[in-house]
1. Give the residues of the range 104-127 that are under 30 Å from THR171 (Cβ atoms), among the small types (Gly, Ala, Ser) and under 26 Å from the mean Cα position of the chain (by Cα), sorted by residue number.
2. Among the residues that make up the range 36-52, is at least one of them closer than 21 Å to ASN69 by Cα, surrounded by fewer than 10 Cβ atoms within 10 Å (Cβ to Cβ), modelled with pLDDT under 80 and within 35 Å of the chain's Cα centre (by Cα)?
3. So which residues in the range 76-96 are among the polar types (S, T, N, Q), without any contact (Cβ under 8 Å) to a residue 60 or more places away in the chain and not in a strand (DSSP E or B)?
4. Restricting the search to the range 9-35, which residues are more than 21 Å from ILE77 (Cα to Cα), in a loop (DSSP other than H, G, I, E, B) and either at pLDDT 85 or above or small (Gly, Ala, Ser) (or both)?
5. Looking only at the range 128-151, count every residue that is within 34 Å of the chain's Cα centre (by Cα), without any contact (Cβ under 8 Å) to a residue 24 or more places away in the chain and loosely packed, with under 14 Cβ neighbours inside 10 Å and tell me the total.
6. Considering only the range 177-195, state which residues are over 15 Å from GLY131 (Cβ atoms), out of contact with any Gly (no Cβ under 7 Å at 6 or more places or on another chain) and buried (at least 18 other Cβ atoms within 10 Å of the Cβ).
7. In contact (Cβ under 8 Å) with a residue 12 or more places away in the chain, surrounded by 12 or more Cβ atoms within 10 Å (Cβ to Cβ) and not assigned by TED's automatic domain parsing to the domain that holds LEU76, is that true of HIS159?
8. Determine which single condition ARG94 fails, assuming it passes every other condition in (1) modelled with pLDDT of 90 or more; (2) charged (D, E, K, R); (3) crowded, with 16+ Cβ neighbours inside 10 Å.
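The values are calculated or read from the model by the stated rules, or taken from the named source; none is laboratory data. None of these values were measured; they are calculated from a predicted model. Note: ideal-geometry Cβ built from the backbone for every residue, glycine included; neighbour counts use all protein chains shown.
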Amino acid sequence: MEKKEVIHISLIIAIIISLFFLTTYLNYSGAITKGKTEYGKLEIVSNVEEGKVYMDGVYVGETTLKLDNVAPGWHLIEIKKSGYSNYYTHVNIRGSSVAGYKEGTTPVVRIKARMLKLYPADIQLSSEPGGANVYLDNVFVGVTPLNGKLILSNIMPGHHEIIVGMVGHNTQKIKISHPNGKISSKNFILEPTGI
């Protein structure tokens, strides 16, 4: 055999091997089979009814939810409901060509989402001296009393910013992580500004 024939045969073998691996990958990922896109199924169950479900940022329904014809590949699933913690997960949807599935059947990806109930609680604030303006998340919520505490009622758990200040004193700004169902308490000592 001549050198040109060996190169042609080697090139043909390399192309065949490459096509074999590419076809195997595409079939395994569920992207193509017999020239068409195969879709998967997704079932979402949650401990919370009527949670709003988003797939890749697009609203698709409420829990409990069954979706057919889900495009193959990775998807971000979000479930949201007021008064509950948000749920996030990623799922990989594959078509029926995935190894182990009979032809004509479609694998179902099941998500069991657990969302925690959020319980609001009070935040108690005081300042030295009293009479300081208080802002929660950039919204004015009141003035600290001269004696005692300013009570902010029914604040949802999570991260909040508190700003406390008064004329003639340095303003204080803090970020807090307000716990679920527990009272938070904070005293601010406001230093006089230089004149």
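1. The one that is under 30 Å from THR171 (Cβ atoms), among the small types (Gly, Ala, Ser) and under 26 Å from the mean Cα position of the chain (by Cα): ALA121.
2. Among the residues of the range 36-52, at least one is closer than 21 Å to ASN69 by Cα, surrounded by fewer than 10 Cβ atoms within 10 Å (Cβ to Cβ), modelled with pLDDT under 80 and within 35 Å of the chain's Cα centre (by Cα), which makes the answer yes.
3. Keep residues of the range 76-96 that are among the polar types (S, T, N, Q), which gives 82, 85-86, 89, 92, 96.
Remaining after also requiring without any contact (Cβ under 8 Å) to a residue 60 or more places away in the chain: 82, 85-86, 89, 92.
Result: SER82, SER85, ASN86.
4. In the first step, residues of the range 9-35 are kept if they are more than 21 Å from ILE77 (Cα to Cα); the result is 9-28, 32-35.
The next check asks that each one be in a loop (DSSP other than H, G, I, E, B); those that pass are 32, 34-35.
Matches in the range 9-35: GLY35 only.
5. From the range 128-151, those within 34 Å of the chain's Cα centre (by Cα) are 134-142, 150-151; that's our starting set.
With without any contact (Cβ under 8 Å) to a residue 24 or more places away in the chain added as a condition, the list becomes 139-142.
Going one step further and asking which of them are loosely packed, with under 14 Cβ neighbours inside 10 Å, we end up with 139-140.
So the answer is 2.
6. SER184
7. Numbers: in contact (Cβ under 8 Å) with a residue 12 or more places away in the chain: yes; surrounded by 12 or more Cβ atoms within 10 Å (Cβ to Cβ): no; not assigned by TED's automatic domain parsing to the domain that holds LEU76: yes.
When the stated conditions are applied, HIS159 does not pass them.
8. Result: ARG94 passes all but (1).
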